[in-house]
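Coordinate-derived values only; no laboratory data. Fair warning: this is a prediction, and the values are worked out from it, not measured in the lab.
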Amino acid sequence: MPIRTVLLLIVAGAIAVFAALNWSAFMAPTTLSLGVTDIQAPLGLVMLGLIVLLTMLFLVFVVYLQTSVLLEARRHAKELQVNRELADQAEASRFTDLRGYLEAELQRVAERDTETRTAVLGRLDEVDGNLRGMIEQSGNTLAAYIGELEDRLDRSMQGQGPNRLT
C-alpha cells in the first residue's frame, strides 16, 4: 500500500477514536449562529458532519481525477497505436521502394554485365582471328624460308656433284 494511503487511514482512524472518546462533548447542544439566525445544535456533531462531507467531496474529486487520467491514458494509447501503424506503413513503403530500387540496380548491373561479356567475347574472337592470321602468316613465312633454304641446299649440292646428302 502506498504511504499516502496508510497516512490517510491513520488520520481517519485518529479522528474516529477522538470522536468516540469525546462523544458526550460532541453531542452537547450549543447555540450556533448562522449569520441570519441562531440555532441550537451539537457543535461537535456539526463539525464531524462537515469533516465527513469534505472527505466525501475529496473522494469524489479523486475518483474524477483517476477517471480523467484513465480516459486520457486510453486516448493516448489509441493515438500511439495509430502513430505506430502509420510508422509501420511508412517503413513498409520504404522497404518496398528500396526493394524496387535494388531490383532496378541489379537489372542494370546484369545488363551491363551482358554488354561487357558480349564486348569481351567479340574482342576475343577478333584477337583469335588476328592471332590465327599471324600464325598462318608466320607459318607461310617459315615455309618460304625453309623452301628457299632447300633450294640453296639443292643448288649447292648439285654444284658439288656426287657427294650429295639425301
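Kirkwood hydrodynamic radius computed over the chain comes to 29.2 Å, based on all pairs of distinct alpha carbons. Over the chain, dividing the summed -39,500 (n - 2.57) contributions of all DSSP H runs of at least 4 residues by the number of residues returns a 222 nm mean residue ellipticity of -31500 deg cm²/dmol.
Applied to the range 27-37, the Karplus parametrisation 6.51 cos²θ - 1.76 cosθ + 1.60 on θ = phi - 60° returns per-residue 3J(HN,Hα) values of 8, 5, x, 9, 8, 10, 9, 9, x, 9, 9 Hz, with x for Gly and Pro. Summarising the amide proton neighbourhood of L32: residues at separation of 5 or more, or on other chains, whose placed amide H is nearer than 5 Å comprise I39, Q40, A41.
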